[in-house]
Amino acid sequence: MKICIIMSTYNGEKYIEQQLDSIFKTPKNIFLYVRDDGSKDRTIEILRDYGIKHAVPIEVNEGKNVGSAESFLTALRECPKADYYAFCDQDDVWVDGKLSAAAEQIDTTNQPVLWCSDYQVTDSELHVMIPSVLEQPVQDSVRAVFYNNVPGCTMVFNWALMQELRKVNISKIRMHDIMAINVALITGKVIFDKTPYVLYRQHGNNVLGYSHKKIQIGKWTKDKLELVKNKEDYSTAEYAQAVLNSFGSQMNEKEIEKYKLISKMNESLMSRLKVLTKPYTKAKFNRTSISIRCKILLNLM
């Protein structure tokens with residue numbers, strides 16, 4: 001059994017060694033594949049020194065800075081074949097037993113399977129602030145395109161799902177974990193373990209962190225105005241079309257209709273308003289749901 005851990009790094013020298021210690025507590029059959037996203041600190045040096053010092057397999061590939069989503073997407077397509085894969089962030093800590101629990105529950109099926117677990121939110125010193133976050137992963141593939149609630153750092157999946165993920169012909173995505181659970185729900189299944197196997201560290205420099213505070217109107221408005229000026233470099237419409245191209249033959253008519261509507265939402269305001277009337281874009285009124293619906297309306301995603 002070979003497990004390939006996929007990590008994207010960027011200026012992670014402060015916390016990365018703690019993460020490596022948690023990964024390699026049981027180093028048997030584990031291979032760490034790293035794509036560095038243009039770090040300017042000692043991240044690459046720490047990774048290579050750690051591999052030599054502890055005699056563990058770490059492959060580091062240096063790349064230009066393209067952002068977390070594209071960096072993970074590149075790593076996902078270039079990492080070697082394995083029985084199981086796990087996404088890994090540079091600044092979290094894994095709890096003992098994560099990989100063995102995932103491998104045991106996924107087993108040796110030929111069906112594409114994504115396993116995920118609950119997680120704990122901690123401060124920068126790993127003091128637990130929220131002991132349990134995830135009650136149930138999103139179960140609707142279309143809804144997952146907009147409201148994925150499973151962070152990549154909790155995910156483990158098999159070679160069968162990796163092959164499906166590599167069929168999606170797209171260069172820019174919103175986030176790698178959205179694509180992973182979306183494709184798993186279309187082509188296979190998702191297994192949820194209620195044990196929190198990840199300490200999800202919040203330290204102020206996270207690319208994407210856990211948001212549990214109330215909305216701050218001033219900051220929220222400023223962020224959205226910035227998005228209007230500098231739209232993020234991905235298209236949900238293009239992603240929906242790529243999914244249709246890859247998996248349309250496996251979908252029923254209703255699913256195809258949903259993805260077709262999403263694939264046209266950047267064509268006109270009317271198209272986006274139609275998407276906003278659908279159940280899969282609606283959620284409990286909070287900061288996330290407001291942001292998603294505003295992005296759809298303003299063609300920012």
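Rounded, prolate or oblate, given the Cα gyration tensor of region 1-137, with a/c below 1.5 counting as rounded? Note, shape of region 1-137 comes out rounded. Ordered by the number of other Cβ atoms lying within 10 Å of each residue's own Cβ, fewest first, SER235, SER8 fall into the sequence SER235, SER8. Of LYS231, LYS64, the sequence from fewest to most neighbouring Cβ atoms within 10 angstrom is LYS64, LYS231. Shape index of region 251-301: Rg/Rh, with Rg the Cα radius of gyration and Rh the Kirkwood radius from the inverse mean 1/r over Cα pairs, equals 0.99. Kirkwood analysis of region 25-88, using all unique Cα-Cα pairs, places the hydrodynamic radius at 12.7 Å. From the alpha carbon centroid of region 272-293 to that of region 11-70 is 37 Å. Beta bridges per DSSP, both residues in the chain: antiparallel share near 25 percent. Of the peptides 168-181, 282-295, the ranking by mean beta-carbon count within 10 Å, highest at the top, reads 168-181, 282-295. Of THR122, ASN169, GLY63, whose Cα points farthest to the positive end of the dipole of region 3-201 (charges on the beta-carbon: +1 Lys, Arg; -1 Asp, Glu; origin at the Cα centre)? The listed residue farthest towards the positive side: ASN169. Relative protection proxy for 254-263, 267-276, 138-147, from highest mean packing down: 138-147, 254-263, 267-276 (other beta-carbon atoms within 10 angstrom).
Computed about its Cα centre, the charge dipole of the chain is approximately 1320 debye, with only Lys, Arg, Asp and Glu carrying charge at their Cβ. Positive-end ranking of TYR239, ILE106, PRO151 along the dipole of the chain, with charges on Cβ about the Cα centre, is headed by TYR239. Panel order for THR108, THR281, by other beta carbons found within 10 Å of each beta carbon, from fewest to most: THR108, THR281. Taking every DSSP helix (H) stretch of at least 4 residues in the chain, weighting each as -39,500 (n - 2.57) and dividing the sum by the residue count yields a mean residue ellipticity at 222 nm of -12000 deg cm²/dmol.
Restriction of the GluC sites (Glu not before Pro) in region 34-73 to DSSP coil positions whose beta-carbon has at most 16 other beta-carbons within 10 angstrom yields no sites.
Remark on region 136-180: hydrodynamic radius 11.4 angstrom, per the Kirkwood mean of 1/r across alpha carbon pairs. Put simply, when 119-131, 149-161 are sorted by average Cβ atoms within 10 angstrom per residue, most first, you get 149-161, 119-131. Within region 3-201, how many lysine pairs that are 8 or more places apart, or on different chains, have C-alpha atoms less than 18 Å apart? Qualifying lysine pairs in region 3-201: 11.
Separation of region 88-104 and region 156-173, taken as the distance between their Cα centroids, equals 20 angstrom. For region 90-143, a simple Cβ point-charge model (Lys and Arg +1, Asp and Glu -1, everything else neutral) yields a dipole of about 220 debye relative to the Cα centre.
Any read-out appearing in this document is the output of simple, stated calculations on the displayed coordinates, not a laboratory observation. Just so we're clear, the structure is a prediction, and the values are computed from it rather than from any experiment. Cβ coordinates were reconstructed from backbone atoms using ideal geometry, including for glycine residues, and neighbour counts include every protein chain displayed.
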